[in-house]
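Q: Here it is, the structure, as structure tokens.
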Amino acid sequence: MRHPDVIFLFGGKESMKQTVKNNLLLACFIILKMVLQYRMIASGYELHRDEFLHLDQAHHLAWGFTSVPPVTSWISSLIYWMGNDVFWVKFFPALFGALTILLVWKSIEALEGGLFARILGASAVLCSVYLRINTLYQPNSLDILCWTFLFYCVIRFICSGKSIWLYWFAFGFAIGFLNKYNIIFLLAGLLPALLLTGHRSVFKNKSFYYAIGLIVLMILPNLIWQFRHDFPVAQHMKELSSSQLVHVGRISIIVEQVVFFIPSLFVILFSFIGMIFYKPFNRFRIIGLAYLFTMALFIFLKGKAYYTLGLYPVLFAFGSVYIERVTANRWRPVFRPGAVAFIWVAGIFYVPVICPVYFPEEIQADSRIVRLYRDTGQLSWEDGKEHSLPQDYADMVGWKDLTLLVESVWNKLPVAERKYTLILCDNYGEAGAINYYSGNRLSAVCLSSDYINWFPEMEIRSVILVQKKGENVPDDVRLLFVSVDRAGTLEHRFARESGTSVSLLHQAHIPFNRSQFLSMALLER
């Protein structure tokens, strides 16, 4: 006789043969997910601007950063140790996406869903916006995985009543917090949901408070770092709100939720219907309420639409199980294969909408693709204006050309002068790209994000200055150097950085140290 915990883990009444079959099918979904993620970006694209920043954090390990908590830097260190190749840069977001499918599968098992429900749930996750999210090396993929894990812990705790799941929840929340502060919003949504349901009895469980202690213990180093650096996350959020979130509309947040999950939207709808009308789901209504409270919070604060993506994998689990229940008899032969087929067929047409499978020249040559991006709102950038390409795509071209331009200036300098030459960029994308594509032979910085804290301690005699389109070297700065020469301009019509200029400010009359240069540069801003 099998141990009860083993039976619960492998799906209850299933035979060992069926369990092996199910696990092999799960493995196929995971392998397919990993393979597909490497096929979702056309070969002509480069890394995304945000990826460069995260990769550079590997060289400046700390318990916190201006832009993100520390977990991403730990993964970046691992990527660097493995060779810093694009394969490994893309491996980890793909892995986190595959593990999200695993958790949805296991959530369906915990809800006593059968094979059809598991296939439907895995298909719904696979054929969604996560195909795009999991191509980018950003904190988002791990963030979604952590949200899904927390919901899984809630399900398992409700099903078993075992306090161990409170500790697993605490561990998952702490990792999520150290990856991206966004997970705090999930906690803000879960708390009122907890108070409105019978599960508020958890407040009488001493393990609940031990779990809180575990969270505090795990995140304390980051909180101390924030305190010692005057909470840069607050300043970062203020800048984000004024420069990007100001253009976010509340209606657009709701519309984008639909666009994110077009092939599998019906599964999400069935999850809410099930939580309202399906009696066995009554005890799980805390999850539906948490969704509503968290979504309302994001809409009220006008957060970016993709901040909510961690809410949906668990809904796919509930929706799939409920669909399996309502199609158990009469509609089974028609609806079940039709539901799975619809997701996959719709997914084939959906992929070009969310993933850069076409290179910019192909997009511009096909008016139907341009119209598709316009109709789905992807041509509107953070500046509130409409452009010829989705912003993310424009953020993935031109970096190698810019690096070659900077390298051409660097290579013309006498070797003895290079150690006194600073490469100063306009933004973190430029700085990170130059560092990455030069194989870290060059060390560029900028006055934004974390780079302002990474300025080298050096005597600065010359500066290779990378400026955005339309900017020139101010006259008062020119007077500080023997010569100022424009070395070239990035000419790439599809790049967001197109028009960026590179100048050499050669031989300062009086060399600068780090503090003097930063003071002058910040004043010029």
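The values are calculated or read from the model by the stated rules, or taken from the named source; none is laboratory data. These figures come from a predicted structure and were not determined experimentally. Every residue, glycine as well, gets a Cβ built from its backbone with ideal geometry; the counts of neighbours run over all protein chains shown. We work out accessible area using only protein heavy atoms, side chains counted, and drop any ligands, DNA or RNA first. Shrake-Rupley method; radii C 1.70, N 1.55, O 1.52, S 1.80 Å.
Q: To the nearest 20 debye, what charge dipole does the chain have about its Cα centre, counting +1 at the Cβ of each Lys and Arg and -1 at the Cβ of each Asp and Glu?
A: Using Cβ point charges on Lys, Arg, Asp and Glu, the chain gives about 2480 debye.
Q: Could you tell me which residue out of Asn329, Pro356, Tyr307 lies farthest along the dipole of the range 256-393 toward its positive end? Charges go on the beta carbon: Lys and Arg +1, Asp and Glu -1, centred on the Cα centre.
A: Asn329
Q: Can I ask one more? At a Cα cut-off below 21 Å, give the lysines reachable from Lys206, other chains included and same-chain residues fewer than 8 away excluded.
A: Here the lysines satisfying the reach criterion relative to Lys206 are Lys162.
Q: Compute the acute angle (0 to 90°) between the alpha-carbon long axis of helix 140-160 and the principal axis of greatest extent of the alpha-carbon atoms of the chain; round to the nearest 10°.
A: Approximately 20 degrees, to the nearest 10.
Q: Taking 0.36 nm per intervening residue step and subtracting the Cα-Cα distance, what contour gain separates Ile510 from Cys28 on full extension?
A: So the chain would gain 167.1 nm between Ile510 and Cys28.
Q: What cysteines in the chain have no other cysteine with a beta carbon less than 4.7 Å from their beta carbon?
A: Cys28, Cys127, Cys146, Cys153, Cys159, Cys355
Q: Between Ile251 and Arg441, with labels modelled 7 Å along Cα→Cβ, what's the label distance in nm to one decimal, could you check?
A: 5.3
Q: Let me ask another. Residues of the range 130-171 with backbone nitrogen within less than 15 Å of a virtual label 7 Å along the Cα-to-Cβ line of Phe208, please, listed as ranges.
A: 154, 157-158, 161-167, 169-170
Q: For the range 192-237 and the range 37-90, what is the separation of their Cα centres, given in Å?
A: Comparing the Cα centres of the range 192-237 and the range 37-90, I get a distance of 27 Å.
Q: Could you look at the chain and say what percent of its accessible area is carbon and sulfur, using a 1.4 Å probe and all protein chains?
A: Here carbon and sulfur together make up 64 percent of the probe-accessible area.
Q: log₁₀ I(q)/I(0) of the range 380-441 at q = 0.12, 0.15 Å⁻¹, via Debye over equal Cα point scatterers, no solvent, to two decimals?
A: Those come out to -0.40, -0.56, one per q.
Q: For the chain, what value does the Rg/Rh ratio take when both radii are computed over Cα atoms and Rh is the Kirkwood radius, given to two decimals?
A: Rounded to two decimals, Rg/Rh equals 1.01.
Q: Still on this model: So, for the range 1-151, what is the accessible surface per residue at a probe of 1.4 Å, expressed in square angstrom?
A: That works out to 38 Å² for each residue.
Q: Right, next: Sum -39500 (n - 2.57) across every DSSP H segment of at least 4 residues in the chain, then divide by the residue count to get the 222 nm mean residue ellipticity, nearest 500.
A: Result for the chain: -18500 deg cm²/dmol, rounded to the nearest 500.
Q: Working out 0.36 nm times the residue gap between Ala365 and Gln18, then minus their Cα-Cα distance, what length gain in nm do you get to one decimal?
A: 119.9 nm
Q: Something else about it: Given Cβ point charges of +1 (Lys, Arg) and -1 (Asp, Glu) and nothing else, what value in debye, to the nearest 20, does the dipole of the range 407-525 about its Cα centre take?
A: Charge dipole, the range 407-525, about its Cα centre: 200 debye, nearest 20.
Q: On to the next question. Say a paramagnetic label sat at a point 7 Å from the Cα of Arg228, along Cα to Cβ; which residues of the range 49-73 have their backbone N under 20 Å from it?
A: Counting backbone N atoms under 20 Å from the label point, the list is 57-73.
Q: Angle, helix 184-195 long axis vs. longest principal axis of the chain, Cα atoms, 0 to 90°, nearest 10?
A: Between the helix axis and the principal axis of the chain, the angle is about 30 degrees.
Q: List, in the order given, every pair from Lys90/Lys180; Lys106/Lys204; Lys180/Lys304; Lys90/Lys468 whose Cα-Cα distance in the structure shown is over 22 Å.
A: Table pairs above 22 Å Cα-Cα are Lys106/Lys204; Lys90/Lys468.
Q: Please name which of Pro511, Pro192, Gln37 has its Cα lying farthest along the dipole of the chain towards the positive end, using unit charges on Cβ (Lys, Arg +1; Asp, Glu -1) and the Cα centre as origin.
A: In the chain, that residue is Pro192.
Q: Positive end of the charge dipole of the chain (Lys, Arg +1 and Asp, Glu -1 on Cβ, about the Cα centre): tell me which of Asn435, Leu142, Thr294 has its Cα farthest that way.
A: Projecting each Cα onto the dipole axis, the largest value belongs to Thr294.
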